[in-house]
Amino acid sequence: MKTYEVTKDIKRYRFGSPISTGAVVVSGNEINNEDIQYLAFEIDEASSLKYTMEDKDQVLGLGENQKGIDKRGGIFESYCSDEPNHTPDKKSLYGAHNFLLMDGRDTFGIFIDYPGRIVFDIGFSHKDELEITIEDNNFDIYIINGNSKREIVNKFLKMIGRSYVPPKWAFGFQQCRWSYVDSKEVEEVADNFIKHDIPCDSIYLDIDYMEDFKDFTVDKERFPEFESFVERMKDKGFRLIPIIDAGVKIEEGYETYEEGIKNGYFCFDENNEPFVAAVWPGKVHFPDFLNRDARKWFGKKYKVLTDLGIEGFWNDMNEPAIFYTEKGLQSALDTVEELKDRNLNIHSFFKLKDAFTGLSNNLKDYKSFYHNIDGKTVNHDKVHNLYGYNMTKAAAEGFEEIEPNKRFLIFSRASYIGMHRYGGIWTGDNYSWWDHILLNIKMMPSLNMCGFLYSGADTGGFSGDSNAQLLIRWTQFSIFTPLFRNHSAIGTRKQEPYAFDTESTQVLKETIRLRYKLLPYIYSEYMKAVRSQDIYFAPLSFEYHDKYSRKVENQLLAGDSLMVAPIYEENAVGRYVWLPEEMLLWKASKGDDRSYEVINTGHLFIEIDYDEVPIFIRKNKMLILGKHANRVEDLDNTELNVIAFIEDRANYIYYDDDGKTYDFTKGIYSQVIIDIEKIDGDYKINIENKGNKDLKKLNFEIVDTTGRVTKKSVII
Ligand code: MIG
């Protein structure tokens, strides 16, 4: 083991010679070997790290995973998995995010930079023992020290580099379904949004837009004259977001296939032949995204679609998902042959059944292909968690070449820490289950701690049939998630916001409008978080240190001013909320009629109607609220409302920028610094406008701790 000092508070312990993942953007200086802090370790063929937990210890982090914000009591595996059935017993979902935040006797962060399988047994086998098993002995461990959880996370985020920033329009509402099968159906969806006057910025194209599921092709029959269709949709106000799958169809004459073969850009098998797996299009090869040249090549292919006016993509099936391989299929068919006498008993019946259910995403298959990493042949299993990451990196690098200063929308299904610099993620195939709203809530801060700020779930649920109430409650939470997308699977009930009864459509319309009204705040908070290596969604315990706040898992802080307490239970007329301090409650239904209630510290039950979103404004904080529009680019933010809950003084920085380019990295952005001070029962408002040319007027609604509302307007 070698020890490095990365910064004053971060140490890296290097075991063996790890494969570089690119997760960490800073290096460090080698220092004298020191004992690894906090953890006892044993290194053999696999490596195990142990930490004895006290009762008060909590373990946060781990990004995209099941269970709570506190992961204690669970067992998790980092091995990106195409796992559509998110039942609570599942150990692994689509992402591999190896960052833990220990909080209790000792408070520190651990990041394990290793791209193969890791098991995190967090007090599952033994309640007081954290055991991390790394399936190899070449890896880096980072220990991050700091004075608070927030400080540790800030240091970690700084170490892994700035999170991805999407274009501003990607903060609008987005509508998806597998699939809107042809241009006519896409147009119908657009027309429905227009007819119902519901805001929406983009409509997704799932796999059926392609010709035979071939990446970078468009089916000419179902989507004739694609370029002018894209243009026409944009004129109507909708951007189209096509899906890109990891597998490239094997088909002679298909350009992407031919180029990949010619240049040796595909992953290969033990005989050095391109590795064959089967996914949507039947047999495919997997581009070797870990090979720099192949990555470059694939990234440039996005140009086929950007040339047609496309400005955003989602990368799917990049764990990579494998339906079957020839070998796998052969062995299943051999089992059929073996058992064809048809008199199956308990053993033979399950043998036959398992022979087929085990065909997909089989470990044997992941062990049977290889990458070319800087000229070195590496078995896929050892770098499995880097695959989706590098597919998305390919896209981001491609965009950088296509138009360097333009922000494109890109998000991925599989990911590893490091990918957060290149794109966002969605949380994969959830279900139209109430439990999955709660899972969505709990996952958000964990993902943020791992750098994934631009994320969100399939609102309404992907698999299974949604209903109006579920969609409404889910949407009421999703209006706070940076990625806000409604998506559902083939064969399920339609769940667009206008798909149910008139009353529900009305409620969903107002809820989505509320998102657009909140956008000045949401965008400002998102960008400030990105720029200061902070998180947008935080657990209550990042700000409040009482014993209840440490345990609350169903309320979140969204940005610096708000606490959200979503409804995630069927037929609920309200919910219990823990108030760690006095807050101002606004039960928002329509953004325009606002009434407020000062809520005291404590546990209490709050009634919430179906059409209401409970928004809590923290003490001495403010919320910026605009008017809605049907597109982000049509928002008129010349006049904004400021809702402030003031005991004595509050300060807010309202950030904005062009929303389209990376000019903000060169200091081109605006900040309006708003300061409100309570003096002798009145308020002194101080506004410093640094560069916001749009803003003309601020309307203040200032509420004091007795609930008295003072209204003032200030011309800027
Ligand atoms: O095997 O493209 O998670 O969002 O709609 C399913 C079809 C493949 C999985 C994605 C889902 C998408 C679906 N895809």
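The values are calculated or read from the model by the stated rules, or taken from the named source; none is laboratory data. Because the structure is predicted, anything quoted here is derived from the model rather than measured. Quick reminder, even Gly has a Cβ in these numbers, built from the backbone with ideal geometry, and neighbours come from all protein chains shown.
Assorted remarks:
- Positions within the stretch 476-494 being touching a strand residue (DSSP E or B) at 6+ places or on another chain (Cβ under 6 Å) and outside any loop (DSSP other than H, G, I, E, B), in sequence order: GLN476, SER478, PHE484, ARG485, ASN486
- Strands (runs of 3 or more DSSP E) enclosed by the stretch 632-683 - at least 1 residues per element that are of a type in the set (Phe, Trp, Tyr): 639-646, 649-656
- Counting only residues that are closer than 29 Å to TYR387 by Cα and touching a Ser or Thr at 6+ places or on another chain (Cβ under 9 Å), the stretch 101-126 holds 11 of them.
- Residue among LEU329, LEU344, LEU308 that alone is assigned to a helix (DSSP H, G or I) and away from the ligand (no atom under 16 Å from the Cβ): LEU329
- Conditions (1) at pLDDT below 95; (2) more than 16 Å from the ligand (Cβ to nearest atom); number of the one not met by ILE122: (1)
- Subset of the stretch 412-435 (residues that are more than 19 Å from GLY460 (Cβ to Cβ), of a type in the set (A, V, I, L, M, F, W, C) and within 16 Å of the ligand (Cβ to nearest atom)): ALA414
- Within the stretch 495-522, considering residues that are out of contact with any helix residue (DSSP H, G or I) (no Cβ under 6 Å at 6 or more places or on another chain) and in a loop (DSSP other than H, G, I, E, B), the one surrounded by the most Cβ atoms within 10 Å (Cβ to Cβ): GLU496
- Helices (runs of 4 or more DSSP H) lying entirely in the stretch 160-276 (those with 3 or more residues that are at pLDDT 95 or above and within 16 Å of the ligand (Cβ to nearest atom)): 183-196
- Scanning the stretch 80-122 for residues that are in a loop (DSSP other than H, G, I, E, B) and touching a helix residue (DSSP H, G or I) at 6+ places or on another chain (Cβ under 6 Å) yields a count of 3.
- Matching residues in the stretch 523-555 - criterion: being of a type outside the set (S, T, N, Q), farther than 30 Å from LEU698 by Cα and not in a helix (DSSP H, G or I): PRO539, TYR544, HIS545, ASP546, LYS547, TYR548, ARG550, LYS551, VAL552, GLU553
- For the stretch 521-571, filtering for residues that are without any contact (Cβ under 8 Å) to a residue 40 or more places away in the chain and of a type in the set (Gly, Ala, Ser) leaves 2.
- Look at the stretch 425-454: where a residue is within 22 Å of ASP103 (Cα to Cα) and surrounded by fewer than 24 Cβ atoms within 10 Å (Cβ to Cβ) and a partner is modelled with pLDDT of 95 or more and charged (D, E, K, R), sitting 6+ places away or on another chain with Cβ atoms under 6 Å, you get LYS442/GLU553.
- Candidate set: the stretch 277-290, residues that are among the aromatic types (Phe, Trp, Tyr) and within 16 Å of the ligand (Cβ to nearest atom); chosen: the one nearest to ILE203 (Cα to Cα): TRP280
- Of the residues SER532, SER541, the single one that is more than 30 Å from VAL186 (Cα to Cα) and touching a strand residue (DSSP E or B) at 6+ places or on another chain (Cβ under 8 Å) is SER541.
- Just one of the listed residues (THR335, THR357) is touching a Lys or Arg at 6+ places or on another chain (Cβ under 7 Å), of a type outside the set (Gly, Ala, Ser), without any contact (Cβ under 8 Å) to a residue 40 or more places away in the chain and surrounded by fewer than 20 Cβ atoms within 10 Å (Cβ to Cβ), namely THR335.
- Answer residue from the stretch 78-106, given it is more than 16 Å from the ligand (Cβ to nearest atom) and more than 29 Å from GLU151 (Cβ to Cβ) and is surrounded by the most Cβ atoms within 10 Å (Cβ to Cβ) among those: TYR79
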